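J.: Questions regarding the structure given below will be posed in turn.
The values are calculated or read from the model by the stated rules, or taken from the named source; none is laboratory data. The model shown is predicted, which means the values in this text are computed figures rather than measured ones. Positions of Cβ are backbone-derived with ideal geometry, glycine not excepted, and every protein chain shown enters the neighbour counts. For the accessible areas, the whole protein counts, side chains as well, though only heavy atoms, and no ligand, DNA or RNA atoms are used. Shrake-Rupley method; radii C 1.70, N 1.55, O 1.52, S 1.80 Å.
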Amino acid sequence: MAEAAAVVAESLAGYRARAARAVLEQVVLPGEELLLPGQEDGEGPGSAGERPLLLNAGARSGGRVVCGPGLRRCGDRLLVTKCGRLRHKEPGSGNGGGVYWVDSQQKRYVPVKGDHVIGIVTAKSGDIFKVDVGGSEPASLSYLSFEGATKRNRPNVQVGDLIYGQFVVANKDMEPEMVCIDSCGRANGMGVIGQDGLLFKVTLGLIRRLLAPDCEILQEVGKLYPLEIVFGMNGRIWVKAKTIQQTLILANILEACEHMTADQRKQIFSRLAES
């Protein structure tokens with residue numbers, strides 16, 4: 001028994017060492033304990049320079065460690081809850097710490113406070129609209145959550161309308177709540193989306209890729225046709241061009257871009273520009 005326990009301990013130690021040397025920008029699995037180099041642990045041989053990522057490690061280094069999607073706090077450690085690539089973003093101050101999250105290709109959306117999403121009004125219940133956002137339950141939207149809305153001046157929202165808004169309440173114990181105004185009470189682009197256009201769904205990874213500041217796909221798409229486009233963090237995209245044919249072309253391009261290389265995209269865009 002002692003021999004078997006030693007073998008298990010040795011294999012577990014090797015597993016942790018492998019995770020420590022190649023954790024960033026690598027695929028991590030649910031249940032893994034995040035180990036990062038550079039956090040000294042002087043207790044015991046073989047553990048110097050590698051230890052579990054401490055959430056309060058920023059107190060020593062002057063930085064702050066933020067736990068993002070796909071990670072869960074467990075005492076002073078970070079545990080992986082989703083399969084994907086571990087990402088890290090340095091803080092603006094450069095004092096260490098930063099944000100750690102798992103970038104995964106998933107289609108099911110979990111509401112997050114502050115996310116801008118596209119929803120579909122499914123029902124009216126008194127002063128509350130029920131909005132389908134693609135999560136496990138619909139979100140609630142008050143008629144007072146629109147710019148300029150009062151008890152006498154109610155917004156013209158009908159069942160089936162598309163709503164672009166953001167979450168102000170989103171946790172596992174409460175029903176998610178949406179608003180169509182910012183902190184200053186302005187719409188800032190949020191509200192009811194026009195009747196025309198096409199709504200389609202893509203993966204959450206593609207949405208994050210398209211919303212990146214240096215995304216080349218949007219720059220190339222914008223050169224093809226004049227268009228209006230709205231991105232929702234719940235994996236929904238609304239697009240509208242001058243004609244139905246152009247709208248369908250843009251939707252097909254955005255859906256296919258997830259699995260195309262840069263050279264393939266250039267070939268398709270050049271053919272469309274010639275035609």
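J.: Only one of (1) touching a Ser or Thr at 6+ places or on another chain (Cβ under 8 Å); (2) touching a residue at least 40 places away in the same chain (Cβ under 8 Å) fails for F129. Which number is that?
T.: (2)
J.: Ok, one more. Would it be correct to say that A20 is of a type in the set (G, A, S), modelled with pLDDT under 70 and outside any loop (DSSP other than H, G, I, E, B)? Walk me through how you get there before you give the answer.
T.: Working: of a type in the set (G, A, S): yes; modelled with pLDDT under 70: yes; outside any loop (DSSP other than H, G, I, E, B): yes.
When the stated conditions are applied, A20 passes them.
J.: Right, something else. Looking at the range 206-222, I want the residues that are within 18 Å of G235 (Cβ to Cβ) and have a partner that is open to solvent by 40 Å² or more (accessible area, probe 1.4 Å) and among the charged types (D, E, K, R) with Cβ atoms under 6 Å, at least 6 apart or on another chain. Which pairs are those?
T.: Cβ pairs passing all conditions: L206/E258.
J.: Select from the range 104-121 the residues that are of a type in the set (A, V, I, L, M) and either out of contact with any strand residue (DSSP E or B) (no Cβ under 9 Å at 6 or more places or on another chain) or part of a loop (DSSP other than H, G, I, E, B) (or both) and list them in ascending order.
T.: Answer for the range 104-121, where residues must be of a type in the set (A, V, I, L, M) and either out of contact with any strand residue (DSSP E or B) (no Cβ under 9 Å at 6 or more places or on another chain) or part of a loop (DSSP other than H, G, I, E, B) (or both): V110, V112.
J.: Also, quick follow-up: Output the number of the condition that K201 fails; it satisfies all remaining conditions of (1) within 27 Å of S142 (Cβ to Cβ); (2) open to solvent by less than 80 Å² (accessible area, probe 1.4 Å); (3) touching a residue at least 60 places away in the same chain (Cβ under 8 Å).
T.: (2)
J.: For the range 204-241, what are the residues that are modelled with pLDDT under 90, open to solvent by less than 50 Å² (accessible area, probe 1.4 Å) and over 25 Å from G135 (Cα atoms)?
T.: Listed by number, the residues that qualify are C215, I217, E220, V221, G222, L224, Y225.
J.: For the range 244-256, indicate whether the set of residues that are without any contact (Cβ under 8 Å) to a residue 60 or more places away in the chain, at positive phi and exposed (fewer than 14 other Cβ atoms within 10 Å of the Cβ) is non-empty.
T.: At the first step, the residues of the range 244-256 found to be without any contact (Cβ under 8 Å) to a residue 60 or more places away in the chain are 244-256.
Of the ones still in play, those that are also at positive phi are none.
Within the range 244-256 (the criterion being without any contact (Cβ under 8 Å) to a residue 60 or more places away in the chain, at positive phi and exposed (fewer than 14 other Cβ atoms within 10 Å of the Cβ)), the answer is no, since none of the residues qualifies.
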